[in-house]
Each structure stands twice: as C-alpha cells, then as structure tokens.
Amino acid sequence: GLAITSTGTPAINGTYPCDNTAQARLSRVYELIQRAGGSAFPAGMTELPWALADGSIVKFASVSTFLAVEQAVGEYVLALDLIIATGTGTLPAATATIP
C-alpha cells in the first residue's frame, strides 16, 4: 500500500491499498467524477467512503482531496510498473504527502 498524509485533511491519512481491485475502483470513481464535470462525486453522494489497507474507512468530503489521493496512488503504481517493465530503477518511497 501507499501511506498517504494529507496536510489539509488529516482525517483521510492512512495506507491506501494499491492492488488491482483498488486501482480499478479508483479508476471507476475517477471516470464517474470526470463525467460529472470533475467537481462532484457520483450518484449525488456528498461523501465518498473509502476502505484503507487495514480495513478502516475514511470519508472524502471533497472531490479535490479524492483526486489528490487517486493521483498519488496512480503515480506510485506507475513507478512500480516501470521498474517491472524495464527491470531497472529504484523502488519509490511507499509514502506520499498531499494537500
């Protein structure tokens, strides 16, 4: 997983899973947000619950905060994928700080 620290929303701090299931869910929610113009959660939700790697639940009250987490996880996974694809590189830190 990726340990994320939010400087603006500490309630979402935690380790986010990065497995295929978690990545698919992140992508699905991202797409739905984009279809809604990029500023609203899908299905009229005002909060988006999300499971952390330890099973606890955090709630996103802000689309921009969710998108920052989605970006951080995506960049982390991409860095790992590139190492696998090329057979070279240095493992990225399993931590990220977002606004």
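Going by what's in this entry, would Thr5 be described as open to solvent by less than 80 Å² (accessible area, probe 1.4 Å), of a type outside the set (Gly, Ala, Ser) and touching a residue at least 60 places away in the same chain (Cβ under 8 Å)? So Thr5 passes the test. The residue that is surrounded by the most Cβ atoms within 10 Å (Cβ to Cβ), counting only those in the stretch 8-37 that are over 27 Å from Asp81 (Cβ atoms) and of a type outside the set (A, V, I, L, M), is Thr9.
Contact map, the stretch 75-86: first residue closer than 11 Å to Cys18 by Cα, second residue at pLDDT 95 or above and loosely packed, with under 12 Cβ neighbours inside 10 Å, Cβ cut-off under 9 Å, separation 6 or more or different chains; pairs are Tyr76/Ala93; Leu80/Leu91. If you check Ala40, Ala53, Ala61 for being open to solvent by 20 Å² or more (accessible area, probe 1.4 Å), touching a Gly at 6+ places or on another chain (Cβ under 6 Å) and not basic (Lys, Arg), only one passes: Ala53. Can you name the residue in the stretch 16-43 that is aliphatic (A, V, I, L, M) and in a helix (DSSP H, G or I) and, of all such residues, is nearest to Ser62 (Cα to Cα)? Only one residue tops the list, namely Ile33.
Within the stretch 44-83, the set of residues being in contact with a Pro (Cβ under 9 Å, 6 or more places away or on another chain) and part of a helix (DSSP H, G or I) comprises Ser64, Thr65, Ala68, Val73, Glu75, Tyr76, Ala79, Leu80, Ile83. Cβ-Cβ contacts under 8 Å between residues 6 or more apart (or on different chains), taken from a first residue in the stretch 47-74 that is of a type in the set (Lys, Arg) to a second residue that is in a helix (DSSP H, G or I) and open to solvent by 50 Å² or more (accessible area, probe 1.4 Å), are listed as Lys59/Ala11.
The values are calculated or read from the model by the stated rules, or taken from the named source; none is laboratory data. Here the structure is a predicted model, which means the values were calculated and not measured. Here Cβ is always computed from backbone atoms with ideal geometry, including for glycine, and neighbour counts include all displayed protein chains. All accessible areas refer to the heavy atoms of the entire protein, side chains included, with ligands and DNA or RNA removed. Shrake-Rupley method; radii C 1.70, N 1.55, O 1.52, S 1.80 Å.
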